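Working notes, beginning with the structure itself.
Read-outs: derived from the displayed coordinates by stated rules, not from any lab. The structure presented is a predicted model; accordingly, all values stated were derived computationally and were not measured. Ideal geometry is used to build each Cβ from the backbone, glycine not excepted, and the neighbour counts take in all protein chains shown.
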Amino acid sequence: SPIPNPQSRRAKARQTVASRPRICYLWAMTLRHALPILVLSAGLAGPARAQTGPTPVDGFAAKVNDRVILIGDVLNMIRPTIRFYQQSHTGEELEARVREAFRQGLEAEIEKALMIEEFRTRDLPISEVVVADRVDAILRTRFNNDRLLLRQALAEEHLTLEDWKGILRDQIVTDAMRGQEVRRPALPSPQAVYEAYRRRRDEFREPEEVRVRMIVIRGGREEAEREVKREEAERVRARLDDGEDFAVVARQVSEGAHASAGGDWGWIEPRTLRSELQEAVAALAPGQRSGVLEIEGAFYLLALEGRKPAREIPFEDVREKLREELHRAEVEKVYHAWIAQLRRNHRVEILHQF
């Protein structure tokens, strides 16, 4: 059966991109290549874009032959990524990350459109039985076989059942095209895996780590205040010398960030500490404590609980990981070569840059 024109499917939804709450056609991206999946889930309501640029949601982002990719399609796809960035970034940094997400989202949409256009040129059939099976699977797994719930979700998306089936057809087409054209290469040979290990040996070194507890007493601004704090630190040292538990004392008196954990910093690389503390830790054996260290007006007492020397991770421990990485890289190489060929076979126009 023919592949439906995406514009007829999305015409009703074009003005409501910002309020699609339950059904969203996403592309799960590794940021190196995209794998299409249909995601039906709750909780995706909200703005379709971060307010970081003048991008409209009703314009054209790109064309592949005569197939139009809407800006709203790209924004809707990257909405979860935008929300993630909004939690930890603001201003120019947020804008830069959203711009990059849009670029990668548009690229994923273009790749999808290229696959569909190639499918059309080959005049390949697609069985309605396959589409019906996909509908039944989603109905069963996502809607507990309740067609009313499915129709309600579609109505909230301003989509008919046929609109949605058209989206499923596109997904099936891209799955089929990828499966046919991107044949999985053979696994790398044992020799190739070992050679990769030798080339990247520096990546497979674990640095030295230490398990440290620390009591911190902040000094005052004036010398008289610092003297009071110095005497307090010496009293704490005396308590430890008398056998009191370091963790208990740390919880009682430390003013450091890890006081509530008994001063425990966990396993850390010594290089993450300031140089004076690095030197003090280097002089300790597991089970030993430092004296009072005065560093820039603050007072420290350290306890070293353990030390893990630096080591090289054996080849046997990373062989499978390396094999998988090399295999994925080869699959990716084949995929991108295929996409490059599709770009030569079809006309791609970028109509909007975020």
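Things to note:
- Contact map, segment 324-336: first residue surrounded by 14 or more Cβ atoms within 10 Å (Cβ to Cβ), second residue small (G, A, S), Cβ cut-off under 9 Å, separation 6 or more or different chains; pairs are E325/A196; L326/A192; L326/A196; H327/A186; E330/A186.
- Meets criteria (within 16 Å of Q171 (Cβ to Cβ) and of a type outside the set (A, V, I, L, M, F, W, C)) for K63: no
- Search result, residues across segment 139-163 that are of a type in the set (D, E) and either in a helix (DSSP H, G or I) or touching a residue at least 40 places away in the same chain (Cβ under 8 Å) (or both): E156, E157, E162, D163
- Condition met for A298 (in contact with a strand residue (DSSP E or B) (Cβ under 7 Å, 6 or more places away or on another chain), without any contact (Cβ under 8 Å) to a residue 60 or more places away in the chain and surrounded by 13 or more Cβ atoms within 10 Å (Cβ to Cβ)): no
- Looking only at residues of segment 166-177 that are charged (D, E, K, R) and surrounded by 18 or more Cβ atoms within 10 Å (Cβ to Cβ), we find that the one that is farthest from K333 (Cα to Cα) is R169.
- Scanning segment 257-283 for residues that are closer than 19 Å to V236 by Cα and assigned to a loop (DSSP other than H, G, I, E, B) yields A257, H258, G262, G263.
- Residue list for segment 301-312, filter: loosely packed, with under 14 Cβ neighbours inside 10 Å and either in a strand (DSSP E or B) or without any contact (Cβ under 8 Å) to a residue 12 or more places away in the chain (or both): G306, K308, R311, E312
- Of all residues in segment 125-179, those satisfying the criterion of being within 25 Å of I69 (Cα to Cα) and among the β-branched types (V, I, T) are I126, V131, V135, T160, I167, I172, V173, T174.
- V216 in contact with a Pro (Cβ under 6 Å, 6 or more places away or on another chain), assigned to a strand (DSSP E or B) and of a type outside the set (S, T, N, Q): no
- Of all the residues in segment 185-211, those that are in contact with a strand residue (DSSP E or B) (Cβ under 9 Å, 6 or more places away or on another chain) and surrounded by fewer than 11 Cβ atoms within 10 Å (Cβ to Cβ) number 1.
- Of all residues in segment 58-76 being part of a helix (DSSP H, G or I) and under 12 Å from I110 (Cβ atoms), the one that is nearest to the chain's Cα centre (by Cα): V74
- Answer residue from segment 313-323, given it is surrounded by 15 or more Cβ atoms within 10 Å (Cβ to Cβ) and basic (K, R) and is nearest to the chain's Cα centre (by Cα) among those: R323
Let's see how each residue does on (1) assigned to a helix (DSSP H, G or I); (2) within 19 Å of G287 (Cβ to Cβ); (3) in contact (Cβ under 8 Å) with a residue 24 or more places away in the chain; (4) polar (S, T, N, Q):
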| residue | (1), (2), (3), (4) |
| --- | --- |
| K165 | yes, no, yes, no |
| R183 | no, no, yes, no |
| Y197 | yes, no, yes, no |
| A233 | yes, no, yes, no |
| G243 | no, yes, no, no |
| R251 | yes, no, no, no |
